[in-house]
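Below is one structure, written out as structure tokens, with a few remarks after it.
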Amino acid sequence: MIQLAKRVIRQTINDKRSVMLILVAPLLILTLVYFLLGDSDYVATVAIDRDAVAAPVITALEQQELNVVGLTAQEAEQAADYLQHNEDVDAVLRFSETSAMDITLYEPSTKGATAMSEIQKAMADLNPSAETTISYVYGTQDQSLFDSLGYVFLALFSFFFVFIISAMALVRERSRGTLERLMMTPIRRGEVIAGYTLGYSVFAIIQAVIIVLYAIFVLQLSNEGNIGWVLLPMVLLAVTAVSFGATISIFAGSELQVVQLIPFTIIPQVFFSGLIPLDLIPYHLGNLSYIMPIYYGAAAIKGIMVYGDGFTEIWGHLAGLTTYALVLYLINTQALKKFRKL
Amino acid sequence: MDIQLSHVKKSFGDTSVIKDVSFTIAAGEICCLLGPSGSGKTTLIRLMIGALPPDSGTIRFGDIEMPNRAILKRLGFMPQNDALYEDLSAHGNLKFFGGLYPIPKRTLDARIKEVLEMVELTGHSQKLVKNFSGGMKKRLSLAIAILHKPDILFLDEPTAGIDPVLRRKIWAQFQSLKAQGTTIIVSTHVMDEVVECDKGALLYNGRLIEYDTVNRLLDKTASGRIEELFFAASESEARP
Ligand SMILES: Nc1ncnc2c1ncn2[C@@H]1O[C@H](COP(=O)(O)OP(=O)(O)O)[C@@H](O)[C@H]1O
Ligand SMILES: [Mg+2]
């Protein structure tokens, strides 16, 4: 078993692409996600007909982080038209005769949302009684989407890259005939899968440490809990990914087929990993999450990073993940019977 | 330890690939499985070593019925395809496969050196296998098969794609392994190689058409060429 683990490690190190995929790719994508979901300093542009809007409203708007531009009464009438022709303007603000506010936005987007929230702030300044205060049980208002969803990516990456590498290595092992040769030595069936898992666990641990340190210390991902506890579900996820990869390799005839199976193996798990709140999913489809390993890992990581949980709160999810890995281990050991009955 | 096959049958789906094969390979002999491509040589070897279960019939190594894990220690197998780890060096491959057998580390290291010399790869031992030529891969694969000094050695087309000079050297090695008491089962579709062997088992379309000492097989032919026996088989099969 140790022999096999050592071989997996040496083999992976000798294949530069595998090393890059495990150690560098997650950091690269995480950085990209950081810029995509992170706070942007976007300043929205709002157009108003300066002649039709009361002076205090204009002043209040100009005091916010907004670009205020003027437009003619006629342009204001055809707000939709105006927005289509002026792509740098996000919103047109008008007041009807009853002085009700009428806002036209180009499309439902984060730019529009920024414009909206700044307009609301301006209105609150004018009329302090209309001010609303929002507070959160977990997190704060100025947290970015990256802060609230970052944990999902930690879970996805711990699973995905190890899964791809190990599934491909095992498919190669089948198609090249090395697995048959291996099974003609006195090695036990259980040792084959255990050795593989052990070998990749080494990379999983290194990967988890690098990702977590990078996310928390370089990208400043907010973390309420203990970093050590974050590592545990990440490594467990990677260990499960090796077994998952081994199981998928039974159904894949070539390395290309591993990639072709991704829509069935990985993509559904992404949706159930926390990107979409599970109780919003109709027809109780949210319960499908219980058959998805990434769900358990993501839930545990979320508990630690967002709610500040410790082991007592997350052990259920860790147990779920461990059970998953054990069941797959047994399936894989049985599947090797195809090569050798004993 | 004799190898006895008795009424072994194997089909893949509807196609019957091994049709009721029975014969006994005596310990210490070189037995050649001879037959055209697709005649079932690889399948028969995989049945013998227990990589495939037979549909019916039995395979015994001495008194032990296969498959059996204890036998695997005494068995060497060189598959038809290379079955090597391309991302490891020659030394890395040998070290890995050797490590799966109960061999003390120091003995193993010495033995790795020895087999690398035998197959003339000493100078390339640190090179990654993916940079090897076809012939070098074959030789490394052979080195792995003989590394743990097996009592019974199964070789599936070991000399395919190897140049004549090296082919002769490899056969000389098989003879010296035989002299040390190893039983060798070797498959080939090159009819000339049969003269190196003690016994010849002729496979045609999954049927064992002849099994005898090589001398007696050659006596049965008019021209002294073993192909004749296959021509006869193909004619008798063509007749209704
Ligand atoms: N795993 C398999 N599944 C289906 N058919 C197979 C399989 N292995 C071999 N065969 C078929 O069995 C026949 C004998 O193949 P093989 O034993 O490889 O012959 P040889 O080694 O003599 O060239 C061929 O027709 C081949 O297509
Ligand atoms: Mg063959």
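The values are calculated or read from the model by the stated rules, or taken from the named source; none is laboratory data. A quick note: this is a predicted structure, and the numbers were derived from the prediction, not measured. Neighbour counts are summed over all protein chains in view; Cβ atoms, including those assigned to glycine, are modelled from backbone coordinates with ideal geometry. Surface accessibility is based on the protein's heavy atoms, side chains included, excluding ligands, DNA and RNA. Shrake-Rupley method; radii C 1.70, N 1.55, O 1.52, S 1.80 Å.
Residues of region A:1-43 whose accessible area (probe 1.4 Å, heavy atoms of protein chains only) drops by at least 40 Å² once all protein chains are present, relative to their chain alone: A:3, A:7, A:10, A:11, A:14. Can you give me the relative contact order of region A:26-74 as a percent, contacts being Cα pairs under 8 Å and 6 or more apart? It comes to 42 percent, rounded to a whole number.
Ranking B:12, B:112, B:23 by Cα position along the charge dipole of region B:1-122, where only Lys, Arg, Asp and Glu carry charges on their C-beta atoms, puts B:112 farthest toward the positive end.
Placing unit charges on each Cβ (+1 for Lys and Arg, -1 for Asp and Glu) gives region A:40-165 a dipole about its Cα centre, and among A:112, A:136, A:161 the Cα reaching farthest toward its positive end belongs to A:161. Here's the list of aspartates and glutamates a cross-link from residue B:105 could span, going by alpha-carbon distance under 18 Å and ignoring same-chain residues fewer than 8 apart: B:114. Using every pair of separate Cα atoms, the Kirkwood estimate puts the hydrodynamic radius of region B:54-144 at 14.6 angstrom. In the structure shown, the pairs B:19/B:220; B:127/B:149; B:10/B:41; A:337/B:130; B:199/B:220; B:19/B:178 are assessed against 19 Å; a Cα-Cα span above that value is assigned to B:19/B:220; B:127/B:149; A:337/B:130; B:19/B:178. On the beta carbon distance between residue A:281 and residue A:322, with R0 = 35 Å, the FRET formula returns roughly 0.85. Using the rule -39500 (n - 2.57) for each DSSP H run of four or more residues, divided by the residues of chain B, the 222 nm mean residue ellipticity is -10500 deg cm²/dmol.
Taking the three principal axes of the alpha carbon atoms in region A:70-134, the coordinate ranges are 36, 30, 17 Å, sorted in descending order. Of the three principal axes defined by the Cα atoms of region B:101-210, the extents in descending order read 46, 30, 23 Å. How much of the DSSP bridge set in chain A is antiparallel, in percent, rounded to the nearest 5? If we restrict to bridges inside chain A, about 40 percent are antiparallel. Straight Cα distances below 20 angstrom link residue A:121 to the lysines A:111, with same-chain residues fewer than 8 positions distant left out. In this Cβ point-charge picture (+1 for Lys and Arg, -1 for Asp and Glu), the protein assembly as shown has a dipole of about 4560 debye about its Cα centre. Between chain A and chain B, roughly 2700 Å² of accessible surface gets buried, counting both sides and using a 1.4 Å probe. Each eigenvalue of the Cα gyration tensor of region A:13-107, multiplied by 5 and square-rooted, gives one semi-axis; in descending order these are 46, 14, 9 Å.
Got the relative contact order for chain B handy, in percent, Cα pairs under 8 Å and 6 or more residues apart? Display every interim value, and only then the final one.
Working: 403 pairs, mean separation 64.1, N = 240.
Averaging sequence separation for qualifying contacts and normalising by length gives 27 percent for chain B.
Need one word for chain A: rounded, prolate or oblate. Basis is the Cα gyration tensor (sqrt eigenvalues a ≥ b ≥ c); a/c below 1.5 gives rounded, then a/b vs b/c decides.
Numbers: a/c = 3.11, a/b = 2.64, b/c = 1.18.
Since a/c reaches 1.5 and a/b is larger than b/c, the shape of chain A is classed as prolate.
Between rounded, prolate and oblate, where does the protein assembly as shown land on the alpha carbon gyration tensor, with a ≥ b ≥ c its root eigenvalues, rounded for a/c under 1.5, else prolate if a/b exceeds b/c? Don't skip to the end; give the middle numbers.
Numbers: a/c = 3.35, a/b = 2.87, b/c = 1.16.
Since a/c reaches 1.5 and a/b is larger than b/c, the shape of the protein assembly as shown is classed as prolate.
What is the local net charge at residue B:172, summed over the other residues whose Cβ is closer than 11 Å to its Cβ (Lys, Arg +1; Asp, Glu -1)?
Values: positive: B:167, B:168, B:169, B:178; negative: B:196.
Net local charge, residue B:172 excluded: +3.
Residue A:289 sits among other residues whose Cβ lies under 13 Å from its own Cβ, and their net charge, with Lys and Arg +1 and Asp and Glu -1, is 0.
Take every Cα pair under 8 Å whose residues are at least 6 apart in sequence, average their separation, divide by the length of region A:185-335, and the relative contact order is 33 percent.
Its residue count N sets the reference 2.2 N^0.38 Å, and the alpha-carbon radius of gyration of chain B equals 1.03 times that reference.
When you filter the GluC sites (Glu not before Pro) in region B:35-135 for DSSP loop state and at most 16 other Cβ atoms inside 10 Å of their Cβ, you are left with B:120. Taking a Cβ cut-off of under 13 Å around residue B:139, the surrounding Lys, Arg, Asp and Glu residues balance to a net charge of +1, with basic ones at +1 and acidic ones at -1. So which chymotrypsin sites (Phe, Trp or Tyr not before Pro) in region A:60-114 end up in coil per DSSP with only 15 or fewer other C-beta atoms within 10 Å? When the chymotrypsin sites (Phe, Trp or Tyr not before Pro) of region A:60-114 are filtered for loop state and at most 15 Cβ neighbours within 10 Å, nothing remains.
Each residue, residue A:99 and residue A:145, gets one label point 7 Å from its Cα in the Cβ direction; the gap between the two is 3.7 nm. Accessible surface for the protein assembly as shown, divided over its residues, is 47 Å² per residue with a 1.4 Å probe.
The Cys residues in chain B with no partner Cys Cβ within less than 4.7 Å of their Cβ are B:31. Within region A:107-159, the percentage of alpha carbon pairs spaced more than 15 angstrom apart rounds to 67%.
May I ask you to give the percent of accessible area on chain A that is carbon plus sulfur, with a probe radius of 1.4 Å?
On the way: 10490 of 17160 Å².
It is 61 percent, rounded to a whole number.
Exposed loop GluC sites (Glu not before Pro) only (DSSP loop, at most 13 other Cβ atoms within 10 Å): please give the longest stretch of chain A free of them, not including the sites.
Details: sites that count: A:65, A:87, A:97, A:131, A:224.
Between exposed loop sites, the widest span is A:225-342.
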